[in-house]
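Q: Handing you a structure now.
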Amino acid sequence: MSSDSSWITDCVAQWERPLIAYARRLLGCDETARDMVQETFLRLCRQPKQEVEQRLAEWLFTVVRHCAIDHLRKEHAMSHRAELLTTDVATASPVTQLEINESHQGLLQALATLPRNQQDCIRLKFQQHLSYQHISRVTGLSVTNVGYLIHMGIKSLRAQLISTTAHAGANS
C-alpha cells in the first residue's frame, strides 16, 4: 500500500499544476479549479493503480473535465437574471440599471420565502462565493446536503421568478 501512496504523491507532484491550469480555463475560477482537482485526486485514490496507470494523463484530465462540467451544470441557474445581477451597474445603460434593480429586488423577495437553511446556503454560495466544502464547514451540514439545499432553493427560486414574470407579462 505504501507504493500506492507514493505513486499518488508522485502523481500529485507531476499533474496538480497542469490540472489546475486546465480546470481554471474551464471554470474561470482558481478556487473552484483547485476543488475540482482535489476531487479528481480523491477519485484517483479510490482507483486501483493498475486500472489507470497506463492512461493516467488521459484519466486525470477526463475526470477534471467531468467534475468541471458537473459543477457548471449545478451553477447554471436563472441565466438572464444572473447576468443582470453580475452586470457592472456603473457602466450599464439606464434601462439595464432599472432591470438590474428590479431583478435584484425580485430575487431578494423570492429568496426571503425559502427555508432559512436554503437561504443561508444560497447566500454563502452566490453572495460570498464560497465552495460547497466551505459552506459545509460554516453551516455544519454535509457537502451533499449543501448541494441539495442549493439545488432545491434554486429550483424554487426559478419557479417563483418564472411565475412572477409570467404573471407580470399577463398583466401588461
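Q: Dividing the convex hull volume of the Cα atoms of the range 2-75 by its residue count, what figure in Å³ per residue is obtained?
A: 79
Q: Would you list which lysines come within 24 Å of residue 125, measuring only between C-alpha atoms, while excluding same-chain residues fewer than 8 positions from it?
A: Partners within reach: 74, 155.
Q: Would you mind getting me the FRET efficiency between residue 116 and residue 30? Use the beta-carbon distance for r and R0 = 25 Å, nearest 0.05.
A: 0.25
Values in this text are rule-based calculations from the coordinates and carry no lab data. This is a predicted model, so every value here is computed, not measured. We place every Cβ from the backbone using ideal geometry, glycine too, and count neighbours over all the protein chains shown.
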